[in-house]
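> A single structure is presented below for examination.
The values are calculated or read from the model by the stated rules, or taken from the named source; none is laboratory data. Remember, predicted model here, so these are calculated numbers, not experimental data. Quick reminder, even Gly has a Cβ in these numbers, built from the backbone with ideal geometry, and neighbours come from all protein chains shown.
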Amino acid sequence: MKIHAEKKASSILIDLSSRLLCQAMQELLNKEPDAFQAVTVDNLSAVKDFIPDKILVDANTLAQNPLARWPDAKLILIDTGLNKEDVIALLLSYKLYGIISTETDLQLFRKALKAIQNGQVWIDNSKLKAVIHGQSLQNKSLGHETLSKKEREIVQLVAGGHKNKEIAGKLGISEQTVKAHLSRIFRKVNVTCRSQLVPLALTFKPTLVQ
């Protein structure tokens, strides 16, 4: 006779800028106590020995680096209306296991969390299509031009939100040299502003710049 191990409920820390949204999500998830144990960041101290295996964050709380305290937790971004460039920049900068919109219906929201719990990565279709579409347009604009290793590093740093002075410091070059590189990059890939480089950076290997 086979004995099936009892599945442990997923421990979820809800760390969002909106406390009302935190409470609403906690109430929603705790309606399924066998599947989820949800705690808001405000109530964390009241729960003894709570170690989250997943953390729900938004763009603001994500920047506070919740993994510094829980390095093994999986970060799930709650999309409160981010544009395509912001989503791609966050994907480049953080190891996200999911992006779920606040407009996602209840059934799909639970399905997304369970998929992530089972080792999958979940990105809402609308955002996934926007990212892929942005990459497609960007790839078409490249033509037969190729970027040097240094130019690719600069593109990645720009996509990560770094200013010219910060890029110069990281790469050990002058700020004027960064500006010259950017001018060449803009001409090569046929763009006119920094945000248009973000979809391109997603096509690069993530280990180019440490």
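> I'd like the full set of residues that are within 11 Å of the chain's Cα centre (by Cα), part of a helix (DSSP H, G or I) and over 15 Å from I14 (Cβ atoms), limited to the stretch 60-115.
D86, V87, I88, A89, L90, L91, L92, S93
> As an exercise: evaluate L182 against (1) modelled with pLDDT of 90 or more; (2) assigned to a loop (DSSP other than H, G, I, E, B) and give the number of the one condition it does not meet.
(2)
> Still on this structure, I have one more. Filter the stretch 33-56 for residues that are more than 24 Å from the chain's Cα centre (by Cα) and of a type in the set (D, E); which is surrounded by the fewest Cβ atoms within 10 Å (Cβ to Cβ)?
If we take residues in the stretch 33-56 being more than 24 Å from the chain's Cα centre (by Cα) and of a type in the set (D, E), then D49 is surrounded by the fewest Cβ atoms within 10 Å (Cβ to Cβ).
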